[in-house]
1. In 5 Å bins starting at zero, report the fraction of Cα pairs in region 2-227 per bin as a rounded %.
2. For a footprinting-style exposure proxy, rank 90, 64 by other Cβ within 10 Å, fewest first.
3. If you average 1/r across every pair of different Cα atoms in region 45-118 and take the reciprocal, what Kirkwood value do you get, in Å?
4. Report, in deg cm²/dmol and to the nearest 500, the calculated mean residue ellipticity at 222 nm for the chain, where each DSSP H run with n ≥ 4 adds -39500 (n - 2.57) and the sum is divided by the residue count.
5. Pairs to check: 126/196; 161/196; 72/220; 47/161; 100/220; 26/205. Give those whose C-alpha atoms are more than 32 Å from each other in this structure.
6. Sort 26, 72 so the one with the fewest other Cβ atoms within 10 Å of its own Cβ comes first.
7. Defining a contact as two alpha carbons under 8 Å apart and six or more residues distant in sequence, what relative contact order in percent does region 2-227 show?
8. Note down the magnitude of the dipole of region 2-227 about its Cα centre, charges +1 on Lys and Arg C-beta and -1 on Asp and Glu C-beta and zero elsewhere, to the nearest 20 debye.
Amino acid sequence: MFLFQHTPDSEPGSLSYLLYCVGQGKAIAVDVHTSEVDLYLEKAAQKGVTISHVVDTHVHADHFTGGLELAKRAGGEYCLFKDSPAQCDFTPLADGQVIKAGNVHAQVLHTPGHTEDSICLLVTDKSRCDEPWFLVSGHTLFVGSVGRPDLRGREQEMVEKLYDSIHNKLLVLPDYMEILPGAQAGSVCGAGISGKPVSTIGFEKRHNPTLSMSREDFKKTVLGAMLPYPEGMDKIIAFNANPAFK
Ligand SMILES: [Fe+2]
C-alpha cells in the first residue's frame, strides 16, 4: 500500500488522502477539495492506479468538496455514509462495510458527533496482514483535539454522540494504531488542533486532554470552545450537499 497525504495551499488546515495499491492498480481518495481534483487525477495517473472510490468523511462545512467531480472524472464511485443529507448520486456506506481497492481495505466506522453522517476509515494492507494499520479519522478525532459538535445545531445531543463515538469506536483500538486526521492546525472544525498531521491512539490517550475527561467535563470543554464558524459555511454546506459537477 502507498499513502499520499496532502494539504491544499488555499486551506492549510485541511488534509486529504490517496490510499493506493499499485499491484492491483486501485486507489481510494478521501476528503478531496475542489482545488485538488486535478492533482489527484495526475497523482493516480503517475502511479498507474485508477481511483475506484472517492470518500467524503462527512458533508463538510469548511471547504467545497471535489469528491463528486473526482469520482466522475476518474470513473469511480462517490461514497458517503448512507444517511448523509447529500442529494447528489452517491454510493451509500454502512457501518462496518469494507471498501476494497486492491489490497487496500478500508472499513467504515460510523462515528456521529461532529456531524450525524461522520465516518472514519480503518485501513488494512491485505498484502501484509489482516490487521488494520491506521485510522483515517476525518473530523472526529484530531491530533490534540476532537471535532466540534455544534456546526448543525443540536449541539447538546451531538456532543453526547461524539463522546460515545470516540470512546466506543476509536479508543478501543490498539494504542499502536496510527491516526491520519482530516484537519490540522488552521482548521476551525476543532479547538487547538496540532499542526502535526499524524498521531497514534496511544499518543492521543496520553496527550489529548479531552480524551481523559469525564463525560460531563468533555461536554463542558468541547461546547465551551467558542470557535468561529467557517467562513461562508451555509454556502459551502449547500454546495456539498448537492455538488455542482454533473
Ligand atoms: Fe468538518
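1. 1, 7, 16, 20, 21, 17, 10, 5, 2, 0
2. The most exposed by this proxy come first: 64, 90.
3. One decimal place: 13.0 Å for the Kirkwood radius.
4. Calculated from helices alone, the mean residue ellipticity at 222 nm is -6500 deg cm²/dmol.
5. Distance filter (> 32 Å) returns 72/220; 47/161; 100/220; 26/205.
6. 72, 26
7. The normalised contact order for region 2-227 reaches 16 percent.
8. Here region 2-227 has a charge dipole of around 380 debye.
Each value in this text was obtained by applying a stated rule to the coordinates, not by laboratory testing. Since the structure is predicted, the reported quantities are computational estimates derived from the model, not experimental observations. Glycine also receives a Cβ, built like all others from the backbone with ideal geometry; neighbour counts cover every protein chain displayed.
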